[in-house]
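Novice: Dropping a structure here in structure tokens format, bear with me for questions.
The values are calculated or read from the model by the stated rules, or taken from the named source; none is laboratory data. Remember, it's a predicted structure, so these values are computed and weren't measured experimentally. Every residue, glycine as well, gets a Cβ built from its backbone with ideal geometry; the counts of neighbours run over all protein chains shown. What goes into the accessible areas is simple: the full protein's heavy atoms, side chains included, and nothing from ligands, DNA or RNA. Shrake-Rupley method; radii C 1.70, N 1.55, O 1.52, S 1.80 Å.
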Amino acid sequence: MNVRFRDLIEQTYEFPTEEFSLDQSDLLFHGLNLTELVARYGSPLKFTYLPKISDNIGRAKDWFASAMEKYNYKGKYFYCYCTKSSHFRYVLDEALKNDIHIETSSAFDIKIVEQLKQEGMIDKHTYVICNGFKRDAYIENIANLINGGQHNCIPILDNFEELGLLSNSIKNRFKVGIRIASEEEPKFEFYTSRLGIGYQNIVPFFDKHLKDNPKVELKMLHFFINTGIRDTAYYWNELLKCLKVYVSLKKRCPSLDSLNIGGGFPTKNSLSFEYDYQYMVDEIVNQINLACEEAGVEVPNIFTEFGSFTVGESGGAIYKV
Ligand SMILES: Cc1ncc(COP(=O)(O)O)c(C=O)c1O
């Protein structure tokens, strides 16, 4: 009779997995013997397995490359690392081995970018996408970065006021993006999103403040669903609404050439995790392609800002019971 706990586990999960295996009674994580790690360093213990960071960046790039080839997609793909998901030096050093770009969310992040630039880890062509609510110090740091020659720094307007604040501090013409405020999933009782500009307000905002503004060039539409990239009617519906805005704006604004779909890839958080990344990427690329083809506009370059996905599967915590 199968009555042991071990039997239950064996019936429930496929084991070994891609990351976990056993060496007799020792648990291995990507071939690293965790029992030996604990014997050496004691526990509780947090560890980071850096190769998994490059591995996940590579996987995402491959999924997009394969989808773009499948649908004969004419735009390019850019992987941005979202610094807020881990500021640790060793994590950034590893991520930056993979020809990536950076997404920031605070004044402190820009200091990190400046430091990376000084050390030659990134250059003036690296995209620096600045999201988040912009208080004085953040505006000032973004302006310094752009004034210092980071021509691919794109502040993403999160509200109407930020345009004026940035224009006052940046000397020359600069690029901007606009964040669309996605609508909350219907199960939410209150509208709580304070990030971005509502769908209906984007084209009027462009017409009024950007169209004839010699100082700014609209390059990017930013779209982030805080429930993540999931195969749900809600996600696809929000993506389609976003694509409608992209198409209307693109017809008015030829310089707009990028769509940023934010972060939101899930990470493996249990042994029974199942998620078809390639299918989701295929479908996103396909939807963007179809919407642009139907409207007769050029497809955008696609940017992502995967945070958890970049770092979440590289680390572990071992507890002492
Ligand atoms: C603008 C933006 N981009 C990227 C991310 C990263 O999301 P994730 O860790 O789900 O990939 C977040 C997370 O809140 C975000 O707000």
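Novice: Looking at (1) on the phi < 0 side of the Ramachandran plot; (2) outside any helix (DSSP H, G or I), find the lone condition where residue 140 falls short.
Specialist: Here residue 140 clears every test but (2).
Novice: Let me ask something else. Based on this model, can you work out whether residue 21 counts as touching a helix residue (DSSP H, G or I) at 6+ places or on another chain (Cβ under 6 Å) and open to solvent by less than 100 Å² (accessible area, probe 1.4 Å)?
Specialist: When the stated conditions are applied, residue 21 does not pass them.
Novice: When you go through 154, 178, 202 one by one, which is the residue that is within 24 Å of residue 128 (Cβ to Cβ), touching a helix residue (DSSP H, G or I) at 6+ places or on another chain (Cβ under 9 Å) and within 16 Å of the ligand (Cβ to nearest atom)?
Specialist: The unique qualifying residue is 178.
Novice: Those residues that are touching a Phe, Trp or Tyr at 6+ places or on another chain (Cβ under 8 Å) and within 16 Å of the ligand (Cβ to nearest atom), I need them from segment 43-76; list them, please.
Specialist: 56, 57, 59, 60, 61, 63, 64
Novice: Do we have any residue at all in segment 298-310 that's modelled with pLDDT of 95 or more, over 19 Å from the mean Cα position of the chain (by Cα) and either open to solvent by 50 Å² or more (accessible area, probe 1.4 Å) or within 16 Å of the ligand (Cβ to nearest atom) (or both)?
Specialist: The answer is yes; a qualifying residue exists.
Novice: Here's another thing I want to ask about it. Kindly indicate the residue of segment 124-136 that is surrounded by fewer than 21 Cβ atoms within 10 Å (Cβ to Cβ) and within 21 Å of residue 86 (Cα to Cα) and also modelled with the highest pLDDT among those meeting that condition.
Specialist: Restricting to residues being surrounded by fewer than 21 Cβ atoms within 10 Å (Cβ to Cβ) and within 21 Å of residue 86 (Cα to Cα), the top hit is 126.
Novice: Return yes or no: is residue 275 within 16 Å of the ligand (Cβ to nearest atom) and either modelled with pLDDT under 95 or not acidic (Asp, Glu) (or both)?
Specialist: Considered against the rule, which asks whether it is within 16 Å of the ligand (Cβ to nearest atom) and either modelled with pLDDT under 95 or not acidic (Asp, Glu) (or both), residue 275 comes out as yes.
Novice: How about segment 212-228: which of its residues are among the aliphatic types (A, V, I, L, M), within 16 Å of the ligand (Cβ to nearest atom) and modelled with pLDDT of 95 or more?
Specialist: 220, 221
Novice: Moving on to the next point. Test residue 72 against the criterion of being open to solvent by 60 Å² or more (accessible area, probe 1.4 Å) and under 19 Å from residue 282 (Cα atoms), and give yes or no.
Specialist: Against the criterion (open to solvent by 60 Å² or more (accessible area, probe 1.4 Å) and under 19 Å from residue 282 (Cα atoms)), residue 72 qualifies.
Novice: Next question, about the same structure. Residues being part of a loop (DSSP other than H, G, I, E, B), within 16 Å of the ligand (Cβ to nearest atom) and in contact (Cβ under 8 Å) with a residue 40 or more places away in the chain: count how many of those fall in segment 232-268.
Specialist: Number satisfying all stated conditions: 8.
Novice: Only one of these conditions is not met by residue 86: (1) of a type in the set (Gly, Ala, Ser); (2) surrounded by 13 or more Cβ atoms within 10 Å (Cβ to Cβ); (3) farther than 27 Å from residue 19 by Cβ. Which number is it?
Specialist: (3)
Novice: Out of the residues in segment 156-185 meeting the condition of being outside any helix (DSSP H, G or I) and over 18 Å from residue 203 (Cα atoms), tell me which one is modelled with the lowest pLDDT.
Specialist: 185
Novice: Considering each of 313, 294, 238, 283 in turn, give the residue that is in contact with a strand residue (DSSP E or B) (Cβ under 8 Å, 6 or more places away or on another chain) and among the charged types (D, E, K, R).
Specialist: 238
Novice: Can you pull out every residue in segment 210-250 that is open to solvent by 60 Å² or more (accessible area, probe 1.4 Å) and aliphatic (A, V, I, L, M)?
Specialist: 233, 240
Novice: Also, I was wondering about something else. For segment 89-120, how many residues are closer than 22 Å to residue 51 by Cβ and either of a type in the set (Lys, Arg) or surrounded by 16 or more Cβ atoms within 10 Å (Cβ to Cβ) (or both)?
Specialist: The number of residues fulfilling the criteria is 12.
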